[in-house]
Amino acid sequence: MKNKFYITTPIYYVNASPHIGHTYTTIAADVLARYHRYLGDEVFFLTGTDEHGAKIAEKAAEAGKTEEQFVNEVAQEFKLAWQTLNISNNNFIRTTDPKHMSAVQAALQFMYDRGDIYLGKYEGLYCRGCEQFKNEKDLVNGLCPDHKTKPEIMSEETYLFKMSKYGQELLKKIKTDEIKVRPEEKKNEIVSFMEREGLQDVSFSRKNVRWGIPLPWDKNHTSYVWADAFLNYLTGLGWTGPQDTQPAMWPADAQLMSKDILRVHATIWQAMLLSLNLPTAKELFIHGFFLVDGQKMSKSLGNVIAPQDLIDKYGVDATRYLLMSATAFGSDGDISWKKFDEKFNADLANGLGNLVARVSNLLEKNNITIDIKTGAGDFKTDYAAAMQELQLDGALEIIWKILRLCDETLSARKPWELKDETEIKKILEPVAQDILNVAELLSPFMPETAEKISRQFSEPQIKKTEPLFPRI
Ligand code: MSP
């Protein structure tokens, strides 16, 4: 029987254009989706945009546009960026889609009817940058550590979600890995947070935010933007609300995100699922946060890198490679143009590109035909283990080890100094076989390059082609 594999990225806020943080998550999800398709799994890969809330309404006003106009434009930028990067998502969900909105209303109504949502009052701090409620304890010198802004004081009538009811059950599920939170240290963080503070009821509606989904039973309130957003993981599968049957792809097998939104995913989202009588997610995978030259990306610092900036300089596949190999998947990473340039030249121009060029050149020049087979050889097991553990950079490491071994063989045996065709063939045939194997393993990461190499090295008479990665 085919395994199913449902993988999601967060849906990105449209208050900003896509940058390499979003791009990193999306490419990683794409690599995993492509890998699972290659394994023969039935894959559904979802991404999209998060389009409601005060923050976005504010941005639209600043731009002198209506909210609709504004969100349409930015959502289009995300779609386009992912198309350019060869992202193989099966659906692109937008929270302003009327079908999503009516499912959200049905879900909230269901939760309200069963007594999990009740009218109350929220008094406390709110960070608009996070669109999250804050404790004094979350702040550093009175400021939100992520946005360096002072949270506003909120005091208003609100509908609250009875999250406290699900605290114990969730804690147990996370502890026993029924909801797997990875890497392990992130699991420990969330477990100790839940043990220390328990789960409090959470405000689920806003009275003063017009740009949101109205609560069906009280139109003076709109849905809290996160409640609306989380349900994308269901509506993106075509779910129309609790009256509907559970989508075949649910629960999600891997939900990727970075640490800024782990807490809400491990608590509010899972509690909502319990309230909706649906299974919780199988795995939340938390990858690291990117810094640029040691600093957080921000408009005011002017160090935001857009995916198109990278594509213009390095091309699509190299951009995918540079991001995936930039840091151990799961750890924070510091990136810079200088490091990207160096890595491009070392791994792609001088590494993979040069090897392919040398080998195909020698084969063509000496008119050697060879017999190679498809199938990725012995290293497949290590590679599969790395991919299974979501060690994406580790999988790339394995591939580059093979490439280095090929280079060493060539340097040691110098086929270009030989005259005897049989001798040359003896050296080049296994190397060509390795190159073809590498192409197979590389295909989730660099689909176009892998395809080019596979085509080139599947011919009995291999011919040289244009260089894959001209040096920068
Ligand atoms: N809209 C919410 C998510 C709702 S999901 C139901 C949101 N959007 S966001 O636009 O701020 O995107 C957050 C996600 O973008 C992070 O979880 C991460 O996946 C990615 N990244 C944004 N900046 C990043 C870095 N600097 N580094 C790595 N990834 C980060 O939160």
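Every number here is computed from the coordinates shown, using simple stated rules; none is lab data. All values derive from a computational prediction rather than experimental measurement. Using ideal geometry, Cβ is built from the backbone for each residue, glycine included, and neighbour counts are taken over all protein chains shown.
Cross-link pairs exceeding 24 Å between alpha carbons, from the set 165/282; 313/452; 299/343: 299/343. The Cα atoms of the stretch 337-457 cover 45, 34, 25 Å along the three principal axes, with the biggest extent listed first.
Compared with the dominant principal axis of the Cα atoms in the chain, helix 20-38 is inclined by about 60°. Under the criterion of Cα pairs below 8 Å and six or more residues apart, the relative contact order for the stretch 337-457 equals 29 percent. For a test of the definition: using alpha carbon positions, the gyration tensor, and the 1.5 limit on a/c, classify the stretch 1-130 as rounded, prolate or oblate. Here the stretch 1-130 falls in the oblate category.
Farthest towards the positive end of the charge dipole of the stretch 260-398, among the residues 279, 350, 294, is the Cα of 279, using unit charges on the Cβ of Lys, Arg, Asp and Glu. Cβ crowding within 10 Å ranks 290, 344 as 290, 344, fewest other Cβ atoms first. Stretching the chain fully between residue 371 and residue 62 yields a gain of 104.9 nm (0.36 nm per residue, less the alpha carbon separation). Applying 0.36 nm per residue to the separation of residue 41 and residue 260 and subtracting their alpha-carbon distance, the gain on full extension is 75.8 nm.
Here each label is just a point 7 Å from Cα along the line to Cβ, and for residue 148 and residue 282 those points are 4.1 nm apart. Shape call for the stretch 218-285 from the C-alpha gyration tensor, a ≥ b ≥ c root eigenvalues: rounded (a/c under 1.5), prolate (a/b greater than b/c) or oblate? Oblate, since a/c reaches 1.5 and b/c is not below a/b. Rounded to the nearest Hz, the phi-derived 3J(HN,Hα) couplings of the stretch 257-269 under the Karplus curve 6.51 cos²θ - 1.76 cosθ + 1.60 (θ = phi - 60°) are 5, 9, 5, 4, 10, 4, 4, 5, 5, 7, 10, 4, 5, where x marks glycine and proline.
Output the relative contact order of the stretch 130-216, whole-number percent, from Cα pairs under 8 angstrom with separation of 6+ residues. It rounds to 32 percent for the stretch 130-216. Spatially close Lys pairs in the stretch 173-261, defined by Cα atoms under 18 Å apart and a spacing of eight or more places or different chains, total 8. Placing pseudo-labels 7 Å out from each Cα toward the beta carbon at residue 404 and residue 172 gives an inter-label distance of 4.9 nm. Were the residues from residue 121 through residue 210 laid out at 0.36 nm apart, the gain over their Cα-Cα distance would be 30.2 nm. The label point for residue 423 and the one for residue 463, both projected 7 Å from the Cα toward the Cβ, are 2.9 nm apart. Its Cα centre serving as origin, the chain has a Cβ charge dipole (Lys and Arg +1, Asp and Glu -1) of approximately 80 debye.
With only the Cα atoms considered, the chain has a convex hull volume of 151 Å³ per residue. Can you tell me which lysines have their Cα less than 18 Å from the Cα of residue 419? Leave out same-chain residues fewer than eight positions away. Cα-Cα hits under 18 Å: 365.
Using Cα atoms only, what is the angle between the long axis of helix 447-457 and the major principal axis of the chain, expressed in degrees (0 to 90) to the nearest 10? With rounding to tens, the tilt is 20 degrees.
Computed over neighbours whose Cβ is under 12 Å from that of residue 26, the net charge equals +1, Lys and Arg +1, Asp and Glu -1. Residue by residue, the stretch 131-138 carries 3J(HN,Hα) couplings of 6, 9, 7, 10, 9, 3, 4, 6 Hz when phi is fed to the Karplus relation 6.51 cos²θ - 1.76 cosθ + 1.60 (θ = phi - 60°); x denotes Gly or Pro.
Contact order for the chain, expressed relative to its length and based on alpha carbon pairs under 8 Å spaced 6+ residues apart, stands at 16 percent. Among 2, 134, the ranking by other beta carbons within 10 Å of each residue's beta carbon, starting with the fewest, stands as 2, 134.
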